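Below: the structure, in structure tokens.
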Amino acid sequence: MDSGDSLQQEVFLCQLSDLEEMQSIELTIDERRLFAIRKDNQLHAYWNICPHLGIPLNWMPDKFLDLDGSLIQCSSHGALFEIDTGNCIAGPCSGDRLKPVQLRNEGDSYYLTVNQSLPAAPINLRAQALADLEDS
Ligand code: FES
């Protein structure tokens, strides 16, 4: 899934104190979406790509958890992932895992580490369809 691209510069994500326990934050970098969840006073960050179909996990902004708030849940077909590991423990991609985002913290501030590989940029099907219409 990797495109060969890597993050060229460190990017600020958030301060841990910006989030309540079990609260999430989303960010988009070079068209790639990612999210982070605060759990046990740590941030766990993943690229927002479900291993089942390669689409984003959430339909609602910053909403990634299941009803009891203990697991990450994909909105499309309900796959469940452990927050700490990103491992899928139930659903159509069981046994697969979310791709982690590498973070570095400086006190309360968290950054995406430079030089980490980026997932492939998503294909914008709508834009592609409109371009195809204009060409025809
Ligand atoms: S796309 Fe996530 S479970 Fe199907």
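The values are calculated or read from the model by the stated rules, or taken from the named source; none is laboratory data. Remember, predicted model here, so these are calculated numbers, not experimental data. Don't worry about glycine lacking a Cβ; one is built from the backbone with ideal geometry, like all the others, and counts go over all protein chains shown.
Here are some notes:
- Residues within segment 45-86 that are loosely packed, with under 15 Cβ neighbours inside 10 Å and either under 17 Å from SER24 (Cβ atoms) or of a type outside the set (A, V, I, L, M) (or both), tallied: 15
- Residue-level check: of (1) more than 16 Å from the ligand (Cβ to nearest atom); (2) touching a strand residue (DSSP E or B) at 6+ places or on another chain (Cβ under 8 Å); (3) outside any strand (DSSP E or B), ALA127 misses just (2).
- Residue that is over 30 Å from ALA127 (Cα atoms) and charged (D, E, K, R), where the choices are ARG32, ARG97, ARG38: ARG38
- Search result, residues across segment 52-67 that are closer than 21 Å to LEU103 by Cα and within 12 Å of the ligand (Cβ to nearest atom): PRO56, LEU57, PHE64
- Condition check for CYS88: within 15 Å of the ligand (Cβ to nearest atom), touching a residue at least 24 places away in the same chain (Cβ under 8 Å), of a type in the set (A, V, I, L, M, F, W, C) and in contact with a strand residue (DSSP E or B) (Cβ under 7 Å, 6 or more places away or on another chain): yes
- Only one of the listed residues (SER75, SER70) is within 14 Å of the ligand (Cβ to nearest atom), in a loop (DSSP other than H, G, I, E, B) and more than 14 Å from LEU43 (Cα to Cα). That residue is SER75.
- Annotation: of all residues in segment 1-44 being among the acidic types (Asp, Glu) and part of a strand (DSSP E or B), the one that is surrounded by the most Cβ atoms within 10 Å (Cβ to Cβ) is GLU26.
- Scope segment 34-77; condition among the aromatic types (Phe, Trp, Tyr) and over 19 Å from LEU16 (Cα atoms); matching residues: TRP59
- Each residue in segment 91-123 was checked for being surrounded by 13 or more Cβ atoms within 10 Å (Cβ to Cβ), within 16 Å of the ligand (Cβ to nearest atom), part of a loop (DSSP other than H, G, I, E, B) and at pLDDT 95 or above, and 7 pass.
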